[in-house]
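Encoded as structure tokens, the structure appears first; notes follow it.
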Number of protein chains: 2
Amino acid sequence: MSHIRTTTPQVIDLLIDARWIATVESDLVLTNHAVAVDQGRILAILPSGEAHARFSPGKQVNLQDHILIPGLINLHTHAAMTLMRGLADDLPLMDWLQKHIWPAEAAHMSAQFVYDGTRLACAEMLKGGITCFNDMYFYPEAAAAAASEAGMRAMLGIIALEFPTPYASDADDYLNKGLAVREAWLKDPLIGFCLAPHAPYTVSDSTFDRILTLSEQMNLPVHCHIHETRQEIEDSLTQHQRRPLERLHQLGQLGPNFIGVHAVHLDDNELQLLASTGCNIAHCPTSNLKLASGFAPVARMRQLGINVGLGTDGAASNNRLDLFGEMRLASLLAKGLTGDASALPAHEILRMVTLNAANALGLGKEIGSISPGKSADLCAVDLGSLEMRPCFDPVSHLVNVAGRDSVSHVWVAGKCCVEHKTLLKNNQNNLDSAIALWQNALEVCRLP
Amino acid sequence: MSHIRTTTPQVIDLLIDARWIATVESDLVLTNHAVAVDQGRILAILPSGEAHARFSPGKQVNLQDHILIPGLINLHTHAAMTLMRGLADDLPLMDWLQKHIWPAEAAHMSAQFVYDGTRLACAEMLKGGITCFNDMYFYPEAAAAAASEAGMRAMLGIIALEFPTPYASDADDYLNKGLAVREAWLKDPLIGFCLAPHAPYTVSDSTFDRILTLSEQMNLPVHCHIHETRQEIEDSLTQHQRRPLERLHQLGQLGPNFIGVHAVHLDDNELQLLASTGCNIAHCPTSNLKLASGFAPVARMRQLGINVGLGTDGAASNNRLDLFGEMRLASLLAKGLTGDASALPAHEILRMVTLNAANALGLGKEIGSISPGKSADLCAVDLGSLEMRPCFDPVSHLVNVAGRDSVSHVWVAGKCCVEHKTLLKNNQNNLDSAIALWQNALEVCRLP
């Protein structure tokens, strides 16, 4: 018998050492700590020295100049629309929509279009540190297949609108098709669903009623465009004699399950209503400016305690699926609009793209922070390059200096998707040729 | 004698074939053309096939997925301030300036500080496609040495203000020191100078008088902060009983040699005055938002025919010296502010960072477009990556999709500075250790 007690190190899948770790559980940034990962889950966060004594990892990653953060969550996108990236820029909203986007969709939208477009979107998002996206588009079965192949987490929209498209004929048809897709993917831990009534101006009261019932029965979030443009509000006043948000409130839609997208034009009563009902907002600053919709009052929303996440919107109105760009723009706009340079500081912006978005999606116990028991959805950002020097505050650097090109490693549920800036599951040749074919097809329909 | 006339190909230094070329001389984008370069100058722009028959280049570069554009011009920066990148973020302007930036400058500013900071800035800017910067800082001799070593074009400020700093004691001392530096660099083709009165609130009437005389004698541009904040305007009303721009007008400062920086808060009379006097504006959108100064009325400026370029400002108020970011933000803000999604279209934004900026600096005959006889200051942007696919309009992609990380090649006066995203003249080790020393020094002064 020896007097020296030796503890056998615990065998685990992965140990990640990082110069800095922002867990997002608090604003504290850990220095020279490690994250232990096993079976897709975060086991512990502890000082590196201790971690190496305690664990025997199958794989080690040492991130000497990096900050490790939770995987980013894109709270609003139309992933398949990457195929229409830059199809029609610098155009007024109605020209953009009616003369370009809708005709292109009418001519080309199909399950194959959605599959290829979502594959491209997943590749772009993963490389940029996004591990989960909240999608709203047609053929969610094709988007689910694309996300699953990429190893990415997705919340897919069970979309509903009243008018027919190649995908479905009427609101019930949309909902029934979407619900069937949900059934088929129920056992997949990475694929989830939201009910996705497109917008108050495309969805009837009775459809909203059915959506509310479904949301309550299945505890599903409801993902809906809201108050994006002034026109939408005026049309609602004409058609329904009330503003869209008031109408949704009367229909019982507003609550902690509701994710309102855009929320640009709101009076203070409406902001109070969003706060008191516990609604979540997906702020999409690039899209709101590119389509000239306006400036969402995000600093005020945060003052009122409204839960706000960030979304890229689709690539036709952005044109990047880049949450680093949205972080930076959200921070800058809040400062410019309030006249207060301390508005929306960096830690709060980081919460928006991680824990706030997870909470909005009802996934706050599973993702959104680096916390023992949660899924190991992680993103490493290299702060060592020349453009990043010097670095006094790594979280401020995430928002104000880093870009998505600084993302070096990405894990989803413990599986490495991006390593040293390279996509691992990259069916690039096949994807390249698919994009080329779609580009040719869309180019033809684009010409006058 | 043969009936076949063979022309001996002309020996030249460099031939660059590119999928697309945006010369900026017009909005036309050339496809599959080449740029012939000899002795640092652009010799011809012609179809690739023709170019290879006519020229025998010492070096060939084939840019299959790229757009070749003029080197970008940063119309306003304080290059050395890269050493204070992110030193104090998310703070109100006066706290930022008085509690952090000024004390740090007072404690550390020196020729060595400016030399090291400008070296870092030049490396960052060159990698991001910027071939020329208009600088305003202390110790321009150190900035000139750094830019010259990097092979970069620079317009350095002969700075003037009334209060003493480690660099100079009073306005005449500043001016005399700056003028002596100009004398020393007169024969260098890449290093030029602007007179740089810091701002109306730091420069007296008599100093402005001397600057006007010097500007007229030497035909030098005058580079001056103007109407950045509301406070500055109110202080001027108190002290001078007029708004800063009115005061400068009465002092005879406004004219085609004048480059006003920021120009955020302007009434329509002032905009008309800027237009009628032929002033140039350096628009710095990121800095204006980060410091909560406000939104410059750029779309209105362009309507009035005011010549507008873009600037990054210093890295302490941005925190990137990245003109791709400024292009994108300028385009988005103009759309959001006017409510018109067609405001400041991509071609116009590209002119702002090239020909407009060159004209503002009095360098319109030398740089700013790809034109025979001009200096070969060129930038190639790779539009072939996955994040850039598909591509329907390469100039729209420059503004809306590309980032500085897409810059693959950069030439200044025909000399390659960046090749395949790698800085060629990279004294990285030495620079790395210099930055580390400055970071330590500044970190100490940053702690409470």
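The values are calculated or read from the model by the stated rules, or taken from the named source; none is laboratory data. The structure presented is a predicted model; accordingly, all values stated were derived computationally and were not measured. Here Cβ is always computed from backbone atoms with ideal geometry, including for glycine, and neighbour counts include all displayed protein chains. Keep in mind that these areas ignore ligands, DNA and RNA; they rest on the heavy atoms of the full protein, side chains included. Shrake-Rupley method; radii C 1.70, N 1.55, O 1.52, S 1.80 Å.
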Notebook entry, point to check: In the stretch B:292-321, how many residues are under 24 Å from A:Ser396 (Cβ atoms) and assigned to a loop (DSSP other than H, G, I, E, B)?
Noted result: 12
Margin query: Out of everything in the stretch B:331-341 that is without any contact (Cβ under 8 Å) to a residue 40 or more places away in the chain and open to solvent by 20 Å² or more (accessible area, probe 1.4 Å), what residue ends up being farthest from the other protein chains (Cβ to nearest Cβ)?
Written below: B:Thr338
Item checked: A:Glu228 being part of a loop (DSSP other than H, G, I, E, B) and either among the acidic types (Asp, Glu) or outside the structural domain of A:Leu273 (by TED's automatic domain parsing) (or both) -> yes
Next item on the list: Would you check which residues across the stretch B:233-288 are away from every other protein chain (no Cβ under 14 Å), assigned to a loop (DSSP other than H, G, I, E, B) and surrounded by 24 or more Cβ atoms within 10 Å (Cβ to Cβ) and list them?
Entry: B:Gln253, B:Ala263, B:Cys279
Checklist line | All positions within the stretch B:38-63 that are within 27 Å of B:Ile349 (Cα to Cα) and either within 14 Å of chain A (Cβ to nearest Cβ) or of a type in the set (D, E, K, R) (or both) | finding: B:Arg41
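Determine which member of the set A:Phe138, A:Phe133 is open to solvent by 10 Å² or more (accessible area, probe 1.4 Å), under 27 Å from A:Thr202 (Cα atoms), outside any helix (DSSP H, G or I) and more than 11 Å from chain B (Cβ to nearest Cβ).
After ruling out the rest, the residue left standing is A:Phe138.
Given the residues B:Ala150, B:Ala145, B:Ala154, which is the only one that is of a type in the set (Gly, Ala, Ser), more than 14 Å from every other protein chain (Cβ to nearest Cβ) and open to solvent by 10 Å² or more (accessible area, probe 1.4 Å)? Talk me through it step by step, then tell me what you get.
On the way: B:Ala150 fails: more than 14 Å from every other protein chain (Cβ to nearest Cβ); B:Ala154 fails: open to solvent by 10 Å² or more (accessible area, probe 1.4 Å).
Of the residues listed, the single one that is of a type in the set (Gly, Ala, Ser), more than 14 Å from every other protein chain (Cβ to nearest Cβ) and open to solvent by 10 Å² or more (accessible area, probe 1.4 Å) is B:Ala145.
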Next item on the list: Evaluate the following for B:Val399: is it buried (at least 21 other Cβ atoms within 10 Å of the Cβ), assigned to a strand (DSSP E or B), outside the structural domain of B:Ser148 (by TED's automatic domain parsing) and modelled with pLDDT of 95 or more?
Entry: no
Next item on the list: Answer with yes or no whether A:Arg328 is within 12 Å of chain B (Cβ to nearest Cβ), at pLDDT 95 or above, open to solvent by 30 Å² or more (accessible area, probe 1.4 Å) and under 22 Å from A:His78 (Cα atoms).
Entry: yes
Check: Which residues, taken from the stretch B:396-418, are in contact with a Leu (Cβ under 6 Å, 6 or more places away or on another chain) and within 10 Å of chain A (Cβ to nearest Cβ)?
Finding: B:His397
Checklist line | Of the criteria (1) open to solvent by less than 30 Å² (accessible area, probe 1.4 Å); (2) within 13 Å of chain A (Cβ to nearest Cβ); (3) in contact with a Ser or Thr (Cβ under 6 Å, 6 or more places away or on another chain), which one B:Lys421 fails | finding: (1)
Check: Restricting attention to the stretch A:342-375, and to residues there that are on the phi > 0 side of the Ramachandran plot and touching a strand residue (DSSP E or B) at 6+ places or on another chain (Cβ under 8 Å), which single residue is surrounded by the most Cβ atoms within 10 Å (Cβ to Cβ)?
Finding: A:Gly368
Check: For B:Ile69, are the conditions met, namely being in contact (Cβ under 8 Å) with a residue 60 or more places away in the chain and either open to solvent by 30 Å² or more (accessible area, probe 1.4 Å) or in a strand (DSSP E or B) (or both)?
Finding: yes
Note to self: From the list B:Ala263, B:Ala330, exactly one residue is assigned by TED's automatic domain parsing to the domain that holds B:Leu212 and on the phi > 0 side of the Ramachandran plot. Which is it?
What the structure shows: B:Ala263
